[in-house]
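Single-structure report; data block below.
Every number in this text was worked out from the coordinates using simple rules, so none of it is lab data. Since this is a predicted model, take the numbers as computed values, not measurements. All Cβ positions, glycine included, derive from the backbone under ideal geometry; neighbour counts span all protein chains shown.
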Amino acid sequence: MIVANTKIDVVNPNENLVQILRDGSMDTLSRSEEVWKNADAYDRSHLVGCLQAKKPEDLHEASWEMHPDGDELLYLVSGSTKIYFDLPGGDHEVFLASESFCVVPQAVWHRFQWLMPVTLLFVTPVVGTQMKPYTAP
């Protein structure tokens, strides 16, 4: 059933994000640094977006990331990359190829290793997300 005054958006995923609110509704946002900086200020569950990483910095290869508020889904549309997980007992590495996905468990530190340009679709629980520098051994 379509409700009167329902807004239907078609957006560029490289310029916009979709926020999934805790009540299950969704809305589109313009992609900006403010969206990430103010993530805790909204009653959202996850952000959905697309990242075209053309160089290592685009994947924040020099940083670990962790999402305490839920699992993260990473779908690699094109290219390939490695993802490292900081698990009890040591790092665990997975190779993510084009058209494959990986679920990053809640509260697990993870980082990417640049291999080539990639297009990555993500469904990320942004509230409470933490970053820390990666230093090579």
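Could you tell me how many cubic angstrom of Cα convex hull volume the chain has per residue?
128
In nm, to one decimal, how far is the modelled label at GLU15 from the one at ASP58, with both set 7 Å along Cα→Cβ?
1.7
Net charge near SER63, counting Lys/Arg +1 and Asp/Glu -1 over other residues with Cβ under 13 Å of its Cβ? All intermediate terms of the calculation are to be shown ahead of the outcome.
Details: positive: ARG111, LYS132; negative: GLU57, ASP58, GLU61, GLU65, ASP86.
Taking every other residue near SER63 into account, the sum is -3.
Lysines near LYS54 by alpha-carbon distance under 29 Å, same-chain residues fewer than 8 away left out - which ones?
LYS54 reaches LYS37, LYS82, LYS132.
Mind giving me the FRET efficiency for MET26 and LEU115? R0 is 25 Å, r the Cβ-Cβ distance, nearest 0.05 is fine. Don't skip to the end; give the middle numbers.
On the way: r = 32 Å, r/R0 = 1.28.
The value I calculate is 0.20.
With the chain treated as a Gaussian network of Cα nodes joined by springs under 10 Å, which of VAL18, VAL104, VAL94 yields the largest mean-square fluctuation?
In the Gaussian network model the winner is VAL94.
Of LEU87, LEU47, LEU29, which is the most mobile in a GNM of the chain whose springs link Cα atoms less than 10 angstrom apart?
LEU87
What spacing in nm lies between the two simple spin-label points modelled at ASP43 and VAL77, each 7 Å away from Cα in the Cβ direction?
Going by the 7 Å Cα→Cβ label model, 3.1 nm.
Note down the relative contact order for segment 15-92 as a percent, whole number, built from C-alpha pairs under 8 angstrom at least six residues apart. Each step should come with its number before you reach the end.
On the way: 52 pairs, mean separation 18.1, N = 78.
Dividing the mean separation by the residue count of segment 15-92 yields 23 percent.
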